[in-house]
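Here is the structure we will look at.
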């Protein structure tokens with residue numbers, strides 16, 4: 001009987017993207033988050049007395065800023081070496097973009113598999129054969145799985161591969177193949193990487209994406225970690241999921257349907273935040289909150305979005321202090337009743353509201369909007385307009401969202417003023 005750990009997509013020293021733009025971001029919680037998650041991985045390996053660790057690509061996050069990344073890795077490999085734990089890894093697309101690693105030798109107990117062909121490593125003491133192939137370039141379009149040899153008889157065969165498999169939403173296509181391609185090799189376990197969400201593609205044989213070990217932005221929510229596999233008599237006897245993350249990302253959707261008072265909206269928010277904090281199991285939380293549903297207070301929320309966002313952030317600070325950071329508040333509620341009543345009249349006020357509602361949903365149909373966006377780009381720092389930003393003005397969906405939010409805010413303020421008059 002022996003154990004091994006399967007992890008992937010460490011992205012060592014990757015910045016947690018998007019947070020640098022926010023003055024309120026919890027720097028103490030996010031600094032070196034990927035390093036601390038990797039230390040948790042090493043701690044687990046030592047505690048569980050595993051025979052080896054498999055890292056299925058993207059150990060690095062492109063080129064290092066300096067050699068401290070390599071020094072940190074060597075220190076962690078040294079900890080494992082003192083416990084006779086080996087590490088077998090393949091290079092993924094981010095590793096292939098790293099130039100510094102080519103000038104340095106890998107730690108003695110860490111084996112990077114070849115990128116020229118499938119490499120096979122035998123651990124006869126364990127009855128294990130590990131087959132793996134690295135990326136040689138950043139973009140690999142060929143089916144690398146086709147080059148893997150058939151399983152060796154009387155041995156426990158593992159395939160180690162960085163791949164998008166047959167495609168996953170939100171991930172670029174690399175080394176594409178199908179689950180049947182993998183099954184045809186006859187291996188007992190396929191250790192995959194590249195997809196940042198944990199997925200058990202198959203259990204006969206085991207084909208597994210462990211996900212990344214630390215979420216780096218709001219699209220990588222929930223627990224992140226590794227897989228601990230126990231092998232007995234040449235077969236998998238147990239597969240366990242272990243969390244390694246040090247910062248928990250959460251998307252929190254709050255339904256305000258039929259809510260009529262702000263105090264009730266805040267109470268629902270309190271319950272939702274506490275539920276996510278419980279799921280985080282004591283870790284700091286970075287959260288995006290989205291309000292949905294049809295409610296009579298929708299216009300009030302839309303009229304002054306900055307004030308509403310500060311109310312929610314103040315509530316979060318009251319509940320969790322510095323252990324909770326609310327990254328963004330989104331208002332997607334609707335409130336038709338009061339608006340319909342106003343629109344049905346013939347007043348100038350109703351006419352103005354109808355003109356706002358008639359603004360096209362498609363940004364391309366709004367005359368002059370392209371010039372407005374170009375002007376905005378010239379005034380906003382480039383780092384605030386990247387692909388991970390809510391202000392990515394090059395994305396059509398961003399322009400559409402901004403148009404919708406502007407319409408919602410204008411209608412909300414006009415209705416609020418109308419009520420006051």
Count of residues meeting criterion [surrounded by fewer than 21 Cβ atoms within 10 Å (Cβ to Cβ) and under 17 Å from residue 255 (Cβ atoms)] in the stretch 316-330:
1
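Does residue 208 meet the test of being surrounded by 22 or more Cβ atoms within 10 Å (Cβ to Cβ) and in contact (Cβ under 8 Å) with a residue 24 or more places away in the chain? If you could, list the steps in order and put the result at the bottom.
Values: surrounded by 22 or more Cβ atoms within 10 Å (Cβ to Cβ): yes; in contact (Cβ under 8 Å) with a residue 24 or more places away in the chain: yes.
For residue 208, the condition - surrounded by 22 or more Cβ atoms within 10 Å (Cβ to Cβ) and in contact (Cβ under 8 Å) with a residue 24 or more places away in the chain - is met.
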Looking only at the stretch 203-216, which residues are part of a strand (DSSP E or B) and touching a helix residue (DSSP H, G or I) at 6+ places or on another chain (Cβ under 6 Å)?
207
Which of the residues belonging to the stretch 169-194 are without any contact (Cβ under 8 Å) to a residue 40 or more places away in the chain, at negative phi and part of a loop (DSSP other than H, G, I, E, B)?
169, 171, 173, 176, 177, 178, 184
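Would you confirm whether any residue within the stretch 268-279 is at pLDDT 90 or above, farther than 25 Å from residue 220 by Cα and either surrounded by fewer than 18 Cβ atoms within 10 Å (Cβ to Cβ) or under 23 Å from the mean Cα position of the chain (by Cα) (or both)? Can you show your working first?
To start, the set of residues in the stretch 268-279 that are at pLDDT 90 or above comprises 268-279.
Subsequent filtering for residues that are farther than 25 Å from residue 220 by Cα retains none.
No, the stretch 268-279 contains no residue that is at pLDDT 90 or above, farther than 25 Å from residue 220 by Cα and either surrounded by fewer than 18 Cβ atoms within 10 Å (Cβ to Cβ) or under 23 Å from the mean Cα position of the chain (by Cα) (or both).
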Return yes when residue 83 is in contact with a helix residue (DSSP H, G or I) (Cβ under 9 Å, 6 or more places away or on another chain), at pLDDT 90 or above and surrounded by fewer than 18 Cβ atoms within 10 Å (Cβ to Cβ) and no when it is not.
yes
Criterion: touching a residue at least 24 places away in the same chain (Cβ under 8 Å), surrounded by 12 or more Cβ atoms within 10 Å (Cβ to Cβ) and either out of contact with any helix residue (DSSP H, G or I) (no Cβ under 6 Å at 6 or more places or on another chain) or closer than 26 Å to residue 110 by Cβ (or both) - qualifying residue of 159, 147:
159
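I'm trying to understand the selection: among the residues of the stretch 32-61, which are within 27 Å of residue 165 (Cα to Cα), modelled with pLDDT of 95 or more and outside any helix (DSSP H, G or I)? Even if it seems obvious, please write down each step before you answer.
The initial filter retains those residues of the stretch 32-61 that are within 27 Å of residue 165 (Cα to Cα), namely 34, 37-38, 41, 52-61.
Still in the list and also modelled with pLDDT of 95 or more: 37-38, 41, 52-56.
Result: 52, 53, 54, 55, 56.
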Answer yes or no as to whether residue 228 is touching a helix residue (DSSP H, G or I) at 6+ places or on another chain (Cβ under 8 Å) and closer than 26 Å to residue 151 by Cβ.
yes
Within the stretch 96-115, is there a residue that is crowded, with 21+ Cβ neighbours inside 10 Å, part of a helix (DSSP H, G or I), out of contact with any helix residue (DSSP H, G or I) (no Cβ under 9 Å at 6 or more places or on another chain) and at pLDDT below 90?
yes
The one condition residue 238 fails out of (1) outside the structural domain of residue 129 (by TED's automatic domain parsing); (2) free of Cβ contacts under 8 Å to residues at least 40 places away in the same chain is (1)
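The values are calculated or read from the model by the stated rules, or taken from the named source; none is laboratory data. Because the structure is a prediction, the values reported are computed rather than measured. Glycine also receives a Cβ, built like all others from the backbone with ideal geometry; neighbour counts cover every protein chain displayed.
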